[in-house]
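The values are calculated or read from the model by the stated rules, or taken from the named source; none is laboratory data. These figures come from a predicted structure and were not determined experimentally. As a convention, Cβ positions derive from the backbone with ideal geometry for all residues, glycine included, and neighbour counts pool all protein chains shown.
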Amino acid sequence: MIEWGFIFLLFILLIVLFLRYSELRGDLENKARIMFENWKKSEIEGIRREYERIAIEQAKALFDKWKVTEENRIREDLIRRSTAKTLGKVGEHLAHYLSSLIMA
């Protein structure tokens, strides 16, 4: 009879251990999922920051290239306008003398 009581106690202990194991396993899975989600968020944020940094660098490079191109275009336009203005002034002065020569 004592043997059956001992077997019953072992069976109860086995059930309790199984329930505790199931509970701990669930907790462990939850903690692992939370750790994974935190890791995933930090990795995504790091990648986002890296892409943002690269995009800013590329935008700055494109802006600098555009600035140089536009500066050269503006300088060439300025030279062209200045030359046209100077030729116009010279033409005005020469026109005065040429009209005097033609009328004479």
**Request:** Assess whether TYR51 counts as being of a type in the set (Phe, Trp, Tyr), assigned to a helix (DSSP H, G or I) and either touching a strand residue (DSSP E or B) at 6+ places or on another chain (Cβ under 7 Å) or surrounded by 10 or more Cβ atoms within 10 Å (Cβ to Cβ) (or both).
**Result:** yes
**Pair list, Cβ < 9 Å and 6+ apart or interchain, from the stretch 21-38 residues that are surrounded by fewer than 10 Cβ atoms within 10 Å (Cβ to Cβ) to residues that are at pLDDT 90 or above** = none
